[in-house]
Each structure stands twice: as structure tokens, then as C-alpha cells.
Amino acid sequence: MKNSSHTSPPKLFSHLYIERSVLDHPQTQMIRAKFGESQVIVIDHYKEVFNRPSQSFAAQSRSKKLILARKEGKFLHEGSQYSDGFDHKQFFYASSVMGCLYDCDYCYLQGLYPSANTVLFVNLEEAFVQLLPYLGEDTLVATSYDTDTLAIESLTHQTREWLAFAEDHKHLHLEIRTKSANIKSLKSIAPNPRVTLAWTLSPQEIIDVYEHATPSFEKRLSAVEEAIALGWKVRLCVDPVIYTEHFDSLYPKLIDQIFETIDPNAIEHLTLGSFRMSQNHLRALKKLRRSDVAFYPYAVRDEMVTYPERIENTILETLLSKALVYLPQERIRTWQRQL
Amino acid sequence: MIYIIAALDAEARALVDYYQLKRDSALPYTLYTNERIILLVSGMGKSNALMAVSALLGWKIPKNTDILINIGICGAPAAYEIGEALLIHQIQDETRRYYPDILYTHSLRESPLTCVDEAQSALHDAPVDMESSAIFQAASRFFKLHQMAFVKIVSDHFAPETVSKEGVVELIRSNLDALDEVCSALEHVQSPDTLYTEDEYKEVERLKSYFTKAQGSALDDALNYFRLKHPTMPLPAYPDIPDSKRERKRALEELIAHLTA
Ligand code: SF4
């Protein structure tokens, strides 16, 4: 048999699966125009592609496809115990995207979803309608909770839409968590003090091994710097910390590197947290056998896996003592299991 | 191993010549093989395809690096040229739809395909064949969706009476390059999901036999951790396993600590 040289993976989103009901949605049309060369496959419901049996998450991660769909039902979900609601009266996360462009080995999405493809719900306008009844009081919405919305912002413009919506609703606070370095969408909008941009930063050595397809540390840091200069509120997250043999040097060095560039007074908080996950998600991660992160001998408590207490304490103490060089305690938030 | 499924003898003929396949009588179906390829002639229609593919895959269970290709002719609307090879990205069978994953680049035209019960003279919006949905159903119990491809060659514009046996042989023969291209692209995206060589696997199983199920699964995790973390390093030598239950437990703890250090 002759060997042809098809070694390069297809372009990102080489296939667009589009629900018939959103074929005419303006966002669908915008995306189709952007991906003019992609194959368009018309489907009835996103689940017939996203939920197929016999998919390989690992193989699909190397060639992600995009599914455009209409969300039926709830866009908003109550915040979970693994996250920090920052003491707002109400905390929701919005799920307008399923799946993520990035591919972090420690990501629970691998255990949550049967597919590595991305579903984009284009009818975001309905999320705003659903949110309206809550906006009489202080409400935090995490818009990038099960995904990294900024990573695909140039495609979706959803962050732009959230920011425009937040401008008109004075009790609405947004948190946009990201590893992206693309902050173009923020440049044309006046900074809103009720919006927090939360960047996850990791040592480059950890990015190289565990955070596939994400921007480098340097690029993320430049984006942070730029967002601050534009006047946006920024929170930095060194979370999840992955415990490796060089942990002692990698993470303290990371904190030094951050604050060599970023003025500590210019950020709201620094969040520190070690890797944690629900036991069910970890089980699913193990089945994929993609990364050592899934197989560490974690401790299990109340259906949650964490590093054993001794290591978890070492992680937090090491990071905290370093962070305290730059920030007062009250501006450092730590995630630690409730004993 | 490459599993090729064709419905007709005429579709198989060019493949037998090209890949130098030999008749194999292991199953009560027409089967041709060489050391890399198994070609099955399933017979026409969905039920023949379902039974033949199930029998083949039950007999020779594929590995996770194997691939399956269904090659055959199809009727198509006039917008498709006769003789054109299509790579199918959606198979419609009445209300059900099936989607092979295309995770590679290729030069074929992609198309949806409708799977019907009889040769069609009536016009359809998409190309039609008579086996693909059944092959997909049977094969997807054994293969992941990115291990399968459906290559269809346009034989007529909904005028099946114009298609001769010789014509079919020629249609396949003139698209062998396209088939080769899909085979090699498909093979390229497969990766084994086993972490151990066969010898290592045997050794791991032997070691686990000394422990309880829960201990064995903790050991499995630690070994997987070690292998994924240090992919080029050999697994460490195993200690002698003590007889006493308590000592065994301690030896296991030490081994796990060593593997995950
Ligand atoms: S960026 Fe976040 S959501 Fe995306 S893969 Fe990484 S951990 Fe998961």
C-alpha cells in the first residue's frame, strides 16, 4: 500500500455540525463566514453528535469540531462547592458552551462529557432573559465556568455580549475566568468595576506538560498586564496547583515572576488552590489514561479527591508564604478542604 | 489490521488484485486476506451487511489501532460526478443518523449519505447506498468512531440499471488512490491506548495476584502514574512479596510511594 503524507491534523473546527433550528441565527452565519472552508453538516439536535457512543476523547482532542446549537432550558446553574462564590448573595454559572478549546490534563470536562468537541449555544439572548428575575439583588455570574469563553471569543463574541448586558444591570457581577491571551474584545469596551477577569497562571513547565493548546505563561502575563492598564479588575489564580517533583522551586518562582511584572496593588486577589476533583470525574479521567494527574494516590473525602493532607498543607504553606511577600493576607484566597 | 467491507463481488475484485489478497475460508462469507488486510464481501442490503460484519468482527476482534473502511458504489444526484470518490460524514437511515469521526485531512469530497432498502431510481437530495448504516451499527460496537471511514464512489445518477459489473470493477479500480489515501490517513490518527508491552502486562498481573482487589487497583494506578509520567523509563523491578499479610501491605505501600514519588 502506498503511503500518503497526511500527517497534519485538520484545521481547527474543520467540521461545523449545525442544528437545523439555528441555521439562520446571526451568530451561526458569522461563524460560517469565518470558517468558510469547513464542512457544514446539518443535524437535528446537538446530542446526536456530542453524545454519540464510541467517541474517543483523546483522539478528538487533536482535531476538535464545533457544534452550533440552541440551548433548551436553563442557561444558569447554581455555583458548586468546588468554586468560590466570593460572598455574593447569588452565584450562578452560565453554560453557553460545552467543551473547551484548550486541553488541560487535569480538566474535569474529560470526565463530564463524552466528546472533546465544543458545543456553542448561539441563543445567548435567552440566558439574559433567564437572568433578569434575579437581578434585583447582588448576583455573580461566572461566564466561563465549564469552558474558557475568552479562548473562542473571536468566534463567538459572547463575552462582548455579557459585558454589554452587565453595563445595564447594576447588581450583576461577572467573573470571566481564562487562560487566554486574547483580550481584543475588552479593548473596545469601557472597564466595568463589577466585572472581574480571573487569569489562571501556571509555571511554563506545567503548561508544557499539562495544559495543552493553551497560551504560554509569558503571553498570559502580558494579557494580564494589558487588561490592568486598560482599567479592568483582575484576579490571579494559581489554581489548580499540580504537585510535581519540582514543586518547591516551580511555584515560588512563578509567584516571583508574576509580581516582577504585575504591581501587586493592581490586582484584586490572588487565589491559591491545589488540584481537587469529584471522585466520579476522576474515575472517568482514569478510564481515558491520558495523564499521570489522574493516577496520583489522592486522598478521598466526601466524594472529593485532593492531595493527601500533608501535601495539600505543604502546597498551601509554600505558596502562601511566598504570596505574603507581595500581598496582605486579606487579598489572598485559598481553597482548602473543609475539615 | 485494515478491515475492508464491500457489498458486491464486483466491488471486491479490484481490491483483491491490488492488495494481492487470498481467499480465506474461515467464515461462511466471502473473505480475502493478507497479513495487513481483511476484505469481507457482505452481500447486498442492510441485513446481509449487519450479519456479515458482526460475524467478522466477532471472529476477529479488532484492536484499538485497527481501522475499518466500507468501500462501495452509490447512486447520487447530478451534482456529483460519476466516478467521484466521496468520504461520508453523515449516514441517514430514516430518522436515525450516524457520524463517523473524520480527524484527518484528505483530498476527497465529503458528503452525507442516505442508506436505503432498495436500489433507487427516484431522486434523492444526497447520495444513497444500501449497507452503510448497518455496517456502522455493527462496527461501532467494536471500533471507535474515528477508526471507521465510509468511501463511496458515484456509479450513477439514480439510474441503477446503467451500472454493469465491469463498470463497478473499473470504478473501484480507478479510485484505489483515494482508498489508499483514506487508509493511511486513518491509520495515522490511531494510537494505542495500552500503556504496557505484553510482557510488562503479564508481570503486572502476576504482581497483582498477590494482593486483594482494592490493593491491586491502587497498584494499577501507581503503575499508570509512573508510566505516564516517565514514558521512556522501564517499570521498576518488583520487590519480593512477603508472605505475611501485614508485611505485604507494607511492601505495597512502599512500592506505591516509590512509583508516585
Ligand atoms: S482551560 Fe479550563 S475548561 Fe478549558 S480545558 Fe483547561 S481546565 Fe478545562
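Couple of notes before you dig in:
- Net charge dipole size for chain A [Lys, Arg +1 and Asp, Glu -1 on Cβ; Debye, nearest 20]: 1060
- Under the convention that each Lys and Arg Cβ holds +1 and each Asp and Glu Cβ holds -1, the size of the dipole of the stretch A:5-74 around its Cα centre is about 240 debye.
- The mean number of Cβ atoms from other chains found within 10 Å of a Cβ in peptide A:291-300 is 5, as a whole number.
- Degrees between helix B:46-59 axis and first principal axis of chain B (Cα, 0 to 90, nearest 10): 30
- Considering only alpha-carbon pairs that sit under 8 angstrom and 6 or more positions apart, the relative contact order computed for chain A is 14 percent.
- Computed from label points 7 Å out along Cα-Cβ, the spacing between B:Asp125 and A:Gln329 is 6.6 nm.
- Percentage relative contact order, the stretch B:192-259, counting C-alpha pairs under 8 Å, at least six apart: 33
- Cα centroid separation - the stretch A:269-293 against the stretch B:1-69, whole Å: 42
- Separation of the stretch A:83-129 and the stretch B:115-148, taken as the distance between their Cα centroids, equals 35 angstrom.
- Over chain A, DSSP H runs of length four or greater, each weighted -39,500 (n - 2.57), average out per residue to a 222 nm ellipticity of -8500 deg cm²/dmol.
- Each of B:Ile88, B:Ser174, B:Leu255 was scored by the projection of its Cα onto the charge dipole of chain B, and the greatest displacement toward the positive side belongs to B:Leu255; charges sit on the C-beta of Lys, Arg, Asp and Glu.
- Per-residue average of Cβ from other chains inside 10 Å of B:176-186: 3
- Among B:Leu39, B:Leu186, B:Leu235: highest mean-square fluctuation, GNM of chain B, C-alpha pairs under 10 Å: B:Leu235
- Cα shape, chain A, gyration tensor, a/c 1.5 rule: oblate
- Contact order relative to length of the stretch B:69-142, as percent, for alpha carbon pairs under 8 angstrom and 6 or more apart: 34
- Prolate/oblate/rounded label for the stretch B:2-190 (Cα gyration tensor, a/c 1.5): rounded
- Oblate is the label for the protein assembly as shown, because the ratio a/c of its alpha-carbon gyration tensor axes (a ≥ b ≥ c) is 1.5 or higher and a/b is not greater than b/c.
- The label-point distance for A:Gln204 and B:Lys165, in a model that sets each label 7 Å from Cα toward Cβ, rounds to 6.8 nm.
- For the pair the stretch B:189-261 / the stretch A:184-215, the C-alpha centres are spaced 38 Å from each other.
- Considering only beta bridges that DSSP places wholly inside the stretch B:7-145, some 60 percent are antiparallel.
- The dipole here belongs to the protein assembly as shown: it is taken about the Cα centre, uses +1 on the Cβ of Lys and Arg and -1 on the Cβ of Asp and Glu, and is about 860 debye.
- Computed [θ] at 222 nm, deg cm²/dmol, chain B (DSSP H ≥ 4; -39,500 (n - 2.57); rounded to nearest 500): -11500 deg cm²/dmol
- Positive-pole candidate from A:Leu120, A:Ala33, A:Leu140, dipole of the stretch A:28-157, charges at beta carbon: A:Ala33
Only the coordinates and a few stated rules stand behind these numbers; no lab work does. Because the structure is predicted, anything quoted here is derived from the model rather than measured. In this analysis, Cβ positions are derived from the backbone assuming ideal geometry, glycine residues included, and neighbour counts consider all displayed protein chains.
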